[in-house]
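Enquirer: Handing you a structure now.
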Amino acid sequence: MVMCEYGAAAGTGPGGLDWYKETAESTAPAPRVHWEWRDHGLAVDDPTHGAYFANGGDFGEQVHDSNFVIDGLVLSDGTPMAGLVEFAAVSAPLRFTDDDSIHVHNRAHSQSAAVYVVTTAVHGHDGSIVRAELPTDDLRPGHKMRFAIPPLIRKAVTNADAWISVKAALRRDASWAPPATSSLAPTSTRWPASHSPLWHPALQ
């Protein structure tokens, strides 16, 4: 089976990506074609309005689908959209959740977590950051590990409304990631635990 409209949400962009991923992998990993990668706009240089990407109705046609095909993860020129950030989070090889502890799920098909350095950190209001590494080298594909909040991190939490972040970084360059890739699946959670991880790509 091939899921040919993976991520389709009949709106202005892909949606429900976590549901799509869970459904596609509920029995066996299925090939999938993302709906859709790029906005289908055509570059137009209008003497009055300047350059823009045209879509349905912009060429004088009476019958058209308006902006129905302007629903990609990137704009027509390849500029990333917010949906691409969501897609990266949903597709990350590791996922972090919390319930007063840290759960690490290795969602890879055949790669152990030994290729990553997994760290957790608490961010102080004064800009200080205290970090601790989580020992995930033995985390096999498809398996999960649970970690208590490291003592170093607990000690650094002095505010009842603190935020703790978790991220994974490649130990070395990979063919699928640029050399500058230093953060995968960055997540932050309220402490005490809010039981709902917040994807926060800005936490590098």
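Rule-based calculations on the coordinates, nothing more; no lab input. Keep in mind that this is a model prediction, so the values were computed, not measured. In this analysis, Cβ positions are derived from the backbone assuming ideal geometry, glycine residues included, and neighbour counts consider all displayed protein chains.
Enquirer: How long is the gain from Thr79 to Ser128 if the chain were fully straight, where each residue apart is worth 0.36 nm and the alpha carbon distance is subtracted?
Expert: On the way: separation 49, 0.36 × 49 = 17.64 nm, distance 3.29 nm.
Once the chain is fully extended between Thr79 and Ser128, it gains 14.3 nm.
Enquirer: Consider the candidate values (1) 20.8, 67; (2) 23.9, 95; (3) 16.4, 47; state which one is Rg and Dmax of the Cα atoms in Å computed from the structure displayed.
Expert: (1)
Enquirer: Another one. Starting from the amide H of Gly41, placed 1.01 Å from N in the peptide plane, find each other amide H under 5 Å away whose residue is 5 or more places distant or on another chain.
Expert: HN-HN under 5 Å from Gly41: Ser76.
Enquirer: In a GNM of the chain with a 10 Å cut-off on Cα contacts, which of Asp58, Asp77, Asp46 has the highest mean-square fluctuation?
Expert: In this elastic network of the chain, the residue with the biggest mean-square fluctuation among Asp58, Asp77, Asp46 is Asp46.
Enquirer: Among Ala82, Ala132, Ala168, which one moves the most in a GNM of the chain with springs linking Cα atoms closer than 10 Å?
Expert: Result: Ala82 has the largest fluctuation of those listed.
Enquirer: Would you tally the net charge around Glu36, using a Cβ to Cβ cut-off of less than 10 Å, leaving Glu36 out, and scoring K and R as +1, D and E as -1? Walk me through the numbers before you get to the answer.
Expert: On the way: positive: Arg38; negative: Glu5, Asp39, Asp71.
Net local charge, Glu36 excluded: -2.
Enquirer: Only Cα pairs within less than 10 Å get springs; with that Gaussian network setup on the chain, which residue of Ala162, Ala92, Ala28 has the largest fluctuation?
Expert: Of Ala162, Ala92, Ala28, the Gaussian network model singles out Ala28 as fluctuating most.
Enquirer: Calculate, axis by axis, the spread of Cα positions in the range 94-191 along the three principal axes, and write the results as whole Å, longest axis first.
Expert: That works out to 40, 27, 17 Å along the principal axes.
Enquirer: Amide H to amide H under 5 Å from His143: which residues, 5+ apart in sequence or cross-chain, H placed 1.01 Å off N in plane?
Expert: Residues meeting the criterion, in which the H sits 1.01 Å from N, are Asn106.
Enquirer: While we're on this one: Can you work out the Karplus-derived ³J(HN,Hα) for every residue in the range 33-40? Use 6.51 cos²θ - 1.76 cosθ + 1.60 with θ = phi - 60°, whole Hz, and x for glycine or proline.
Expert: Result, ordered by residue: 10, 6, 10, 9, 6, 10, 4, 9 Hz.
Enquirer: Per residue Cα convex hull volume for the range 38-137, in cubic angstrom? Please list the in-between numbers first.
Expert: Details: hull volume 20.7 nm³, N = 100.
So the per-residue hull volume is 207 Å³.
Enquirer: Hey, fewest Cβ within 10 Å first, where do Lys144, Lys155, Lys167 land in order?
Expert: Numbers: Lys144 13, Lys155 10, Lys167 25.
Lowest count first: Lys155, Lys144, Lys167.
Enquirer: Could I ask something else about it? Go through the range 140-149 residue by residue and turn each phi into a ³J(HN,Hα) via Karplus (6.51, -1.76, 1.60, θ = phi - 60°); whole Hz please, and just put x for glycine and proline.
Expert: Using θ = phi - 60°, the values come out as 7, x, x, 9, 10, 9, 10, 10, 5, 4 Hz.
Enquirer: Could you tell me what fraction of 2.2 N^0.38 Å the Cα radius of gyration of the range 1-91 comes to, as a two-decimal ratio? Could you put the intermediate results ahead of the total?
Expert: Details: Rg = 15.6 Å, N = 91, 2.2 N^0.38 = 12.2 Å.
It is 1.28.
Enquirer: What residues qualify as long-range amide H neighbours of Gly7, i.e. H under 5 Å apart, gap of 5 or more or another chain, H built at 1.01 Å from N?
Expert: Trp35
Enquirer: Given a Förster distance of 25 angstrom, what is the FRET efficiency for Asp58 paired with Trp37, based on the Cβ-Cβ distance and rounded to 0.05? Display every interim value, and only then the final one.
Expert: Numbers: r = 21 Å, r/R0 = 0.85.
That gives a FRET efficiency of 0.70.
Enquirer: So what is the 222 nm mean residue ellipticity for the chain from helices alone, if each DSSP H run of at least 4 adds -39500 (n - 2.57) and you divide by all residues, rounding to the nearest 500 deg cm²/dmol? Write out the running numbers ahead of the final one.
Expert: Working: 3 runs with 24 residues, N = 204.
Roughly -3000 deg cm²/dmol at 222 nm, from the helical runs in the chain.
Enquirer: For Arg190 and Glu5 in the same chain, what is the full-extension length gain: residue separation times 0.36 nm, less their Cα-Cα distance, in nm?
Expert: Details: separation 185, 0.36 × 185 = 66.60 nm, distance 3.49 nm.
Working it through step by step, the gained length comes to 63.1 nm.
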